[in-house]
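Trainee: Take this structure, written in structure tokens, and hold onto it; I'll ask about it next.
The values are calculated or read from the model by the stated rules, or taken from the named source; none is laboratory data. Worth saying up front: this structure is predicted, and the values here are computed from it rather than measured. Cβ placement follows ideal geometry from the backbone for every residue including glycine, while neighbour counts extend to all protein chains displayed. Surface areas here come from the heavy atoms of the whole protein model, side chains and all, with no ligands, DNA or RNA. Shrake-Rupley method; radii C 1.70, N 1.55, O 1.52, S 1.80 Å.
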Amino acid sequence: QIIISWFALFFPIFYIPLRNFDLPMKIIGYWCFWMIFICIFEFLVPFNFDTICKKGNYYYKNDKNYWMEDDKFVSDILTSKMYMNVYSDYSLSDSKYRKGLNDSGFRFVMLGEIIHGILTFIFTCIVLYGMYFGMNKNKLNLHILILGIIQLTMIIWYQSTVIWDMFIKSSDNYFNNPKWYWQQQGWNVPWFIFPPYLIYHGYSNLLPLFSN
């Protein structure tokens, strides 16, 4: 219900500023607006990591997850509470998110969140600026291409560590661990769909420059 409510608000709200664009730019626009929200959540992580780790360890030790809790409200989509709890819930899929600052794995994912947040925010803002305030078409496509490359590179870089852990028996992320939840990895699926689309869009529109 919470997820449905979130998207029920998101798509109609941003349909209005995107209604005059063609379908490819609508897709890119929706992704960019969504990334603004994602970046905000990522910027909050360093200030809430202790809560994320504690809640993640609570979920793991008690065989619970965020979606099993009773104290969830639709209004939570307007607060940071839900998003930090989702990070705790995600730690059931990648234990690095609940290990704390003394763990190198946690520092790795924390750094990844910060780098992704900063770079994505910068290039997302540039793309949206180019869409609404005018920019040389080739420059806009170049920034779309760069945004796609950054995001696809980072998700592959990160996901490779998760896959590696799945085959290490001593890891909490071992695929045969009954407490390991693979479902939360589904949050990463959009990064394997939209960044490649951004790369394709940017490259295909820039290709004529190199052909000439």
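Trainee: For the chain, what is the accessible area per residue in Å² when the probe is 1.4 Å?
Mentor: 55
Trainee: Taking the chain as the reference, fit the longest principal axis to its C-alpha atoms, fit the long axis of helix 104-133 to the helix C-alpha atoms, and give the angle between the two in degrees, 0 to 90, nearest 10.
Mentor: For helix 104-133, the angle is close to 30 degrees.
Trainee: Residue-wise, which Karplus ³J(HN,Hα) couplings in Hz belong to the stretch 161-178, taking 6.51 cos²θ - 1.76 cosθ + 1.60, θ = phi - 60°, and x for glycine or proline?
Mentor: Taking θ as phi minus 60°, the curve returns 6, 5, 5, 4, 4, 4, 10, 9, 4, 7, 7, 5, 8, 4, 4, 9, 6, x Hz for the stretch 161-178.
Trainee: With a 1.4 Å probe and all protein chains kept in place, how do Thr153, Thr79, Thr120 rank by accessible area, largest first?
Mentor: Order by accessible area, largest first: Thr153, Thr79, Thr120.
Trainee: Calculate how steeply helix 2-18 sits against the longest principal axis of the alpha-carbon atoms of the chain, using the helix alpha-carbon long axis, and give the answer as 0 to 90 degrees to the nearest 10.
Mentor: 10
Trainee: Please work out the FRET efficiency for the pair Val189 and Trp164, using the Cβ-Cβ distance as r and a Förster radius of 22 Å; give the result to the nearest 0.05.
Mentor: Taking R0 as 22 Å, the efficiency between Val189 and Trp164 is 0.70.
Trainee: Please give, to one decimal in nm, the separation of the simple spin-label points placed at Phe108 and Glu69, each 7 Å out from Cα toward the Cβ.
Mentor: For Phe108 paired with Glu69, the spin-label model returns 2.7 nm.
Trainee: Which length gain, in nm to one decimal place, applies between Lys61 and Asn176 when the Cα-Cα distance is subtracted from 0.36 nm times their residue separation?
Mentor: 39.7 nm
Trainee: A further question follows. How much solvent-accessible surface does Phe37 expose, in Å² to the nearest 10, with a 1.4 Å probe and all protein chains in place?
Mentor: So the heavy atoms of Phe37 present about 70 Å² to solvent.
Trainee: Moving on to the next point. Between rounded, prolate and oblate, where does the stretch 52-178 land on the alpha carbon gyration tensor, with a ≥ b ≥ c its root eigenvalues, rounded for a/c under 1.5, else prolate if a/b exceeds b/c?
Mentor: Note, shape of the stretch 52-178 comes out oblate.
Trainee: Give me the percent of accessible area attributable to carbon and sulfur for the stretch 75-212, probe 1.4 angstrom.
Mentor: Answer for the stretch 75-212: carbon and sulfur cover 69 percent of the accessible area.
Trainee: Between Asn136 and Lys54, what FRET efficiency follows from the Cβ-Cβ distance if R0 is 35 Å, with the result rounded to 0.05?
Mentor: Efficiency computed from Cβ-Cβ geometry: 0.10.
Trainee: Report Val109's accessible area, 1.4 Å probe, all protein chains in place, as a number in Å² to the nearest 10.
Mentor: 10
Trainee: Just to verify a number: FRET efficiency for Leu209 and Ile156, C-beta to C-beta distance, R0 = 22 Å, to 0.05?
Mentor: After rounding to 0.05, the efficiency reads 0.25.
Trainee: Arrange the residues Ser80, Ser91 by how much accessible surface each exposes, largest first, with a 1.4 angstrom probe.
Mentor: My answer, sorted largest first, is Ser80, Ser91.
Trainee: Could you sort Lys99, Lys139 by accessible area so the largest value comes first, with the probe set to 1.4 Å?
Mentor: Lys139, Lys99
Trainee: Once the whole set of protein chains is in place, how much accessible area is left on Trp187, using a 1.4 Å probe, in Å² to the nearest 10?
Mentor: 110
Trainee: Find the lysine pairs in the chain meeting two conditions, Cα atoms under 16 Å apart and a separation of 8 or more places or different chains, and report how many there are.
Mentor: Taking the Cα cut-off of 16 Å, the pair count is 21.
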